[in-house]
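The values are calculated or read from the model by the stated rules, or taken from the named source; none is laboratory data. It should be emphasised that the depicted structure is a prediction, and the values quoted were computed from it without experimental measurement. Cβ placement follows ideal geometry from the backbone for every residue including glycine, while neighbour counts extend to all protein chains displayed. Ligands, DNA and RNA are stripped out before the accessible areas are found, and what is left, the full protein with its side chains, is counted by its heavy atoms. Shrake-Rupley method; radii C 1.70, N 1.55, O 1.52, S 1.80 Å.
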Amino acid sequence: MRIGIGYDSHRFVEGRRLILGGIEIPYQLGLAGHSDADAIAHAVTDALLGAAALGDIGTHFPPADERWRDADSMMLLSAAYQLLEEQNYQAVNVDVTVICEAPKIGPHVPAIRERIARVLGIATGQVSVKGKTNEGMGWIGRGEGIAVMAVALVNTIDD
Ligand code: MG
């Protein structure tokens, strides 16, 4: 068994869609970023890569690389997970906390859990997603952006 931690943050901007965990969430602001700025996908990717000590999302998918402009980050998650599978790792569970004042994450949790589970080929019950506010404090409290924390447990398949 090995555990990994992931963190990501993105700034809210006008004129972009808000994509979290591969799900488009109706909101008047989106997230700035080179890819689709899916902070859940990025944090989960880093947690999984971290569990296997395989680097991080930036080393595998550099933001300076034009291939990843507006990239679907769930595809990056899938590609990163393939690197783990090549080393006989499989995800045991993933737990995610999304921190923002708005929009409310709760109504979208079931869809996000299903999407992450499908990409990783695991059961929805192995994926947890929780929304929190920052109680109005700091940059998150001012609604400037969103932060996501994730942990992932993986184990190795002995063959
Ligand atoms: Mg990111």
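Could you give each residue of region 22-32 its phi-based ³J(HN,Hα) in whole Hz, using Karplus coefficients 6.51, -1.76, 1.60 with θ = phi - 60°, and x for Gly or Pro?
x, 10, 7, 9, x, 6, 6, 10, x, 10, 6
Classify region 1-127: rounded, prolate or oblate, from the alpha-carbon gyration tensor (a ≥ b ≥ c, eigenvalue square roots; a/c under 1.5 rounded; otherwise prolate if a/b is larger than b/c)? Write out the running numbers ahead of the final one.
Details: a/c = 1.98, a/b = 1.29, b/c = 1.53.
Oblate.
Would you pull out the residues with amide H under 5 Å of G22's amide H, same chain only if 5 or more places away, H placed 1.01 Å from N?
Distant-sequence amide H within range of G22: A41.
Quick check: pseudo-label points 7 Å beyond the Cα along Cα→Cβ at D56 and A79, how many nm apart are they?
Going from the D56 label point to the A79 one covers 1.8 nm.
Under the rule of -39500 (n - 2.57) per DSSP H run of 4 or more residues, summed and divided by the residues of the chain, what mean residue ellipticity at 222 nm is obtained, to the nearest 500 deg cm²/dmol? Don't jump to the answer; show the numbers that get you there.
On the way: 5 runs with 47 residues, N = 159.
Result for the chain: -8500 deg cm²/dmol, rounded to the nearest 500.
Over region 1-104, what is the relative contact order in whole percent, taking alpha-carbon pairs under 8 Å and six or more residues apart? All intermediate terms of the calculation are to be shown ahead of the outcome.
On the way: 159 pairs, mean separation 28.0, N = 104.
Averaging sequence separation for qualifying contacts and normalising by length gives 27 percent for region 1-104.
In what order, largest first, do E66, E144 sit by accessible area if the probe radius is 1.4 Å?
Details: E66 110, E144 70 Å².
Heavy-atom accessible area, descending, gives E66, E144.
Shape call for region 53-159 from the C-alpha gyration tensor, a ≥ b ≥ c root eigenvalues: rounded (a/c under 1.5), prolate (a/b greater than b/c) or oblate?
Working: a/c = 2.15, a/b = 1.41, b/c = 1.52.
Because a/c hits 1.5 or more and a/b fails to exceed b/c, region 53-159 counts as oblate.
Would you mind working out the accessible area per residue for the chain, using a 1.4 Å probe, and quoting it in Å²? Don't skip to the answer; put the middle values down first.
Numbers: 7890 Å² over 159 residues.
Dividing the accessible area of the chain by its residue count gives 50 Å².
Determine the share of the chain's accessible area contributed by carbon and sulfur atoms, expressed in whole percent, with a 1.4 angstrom probe.
Of all accessible area on the chain, carbon and sulfur atoms account for 52 percent.
Once each part is reduced to its C-alpha centroid, what is the distance from region 110-135 to region 1-31 in angstrom?
With region 110-135 and region 1-31 each reduced to a Cα centre, they are spaced 13 Å.
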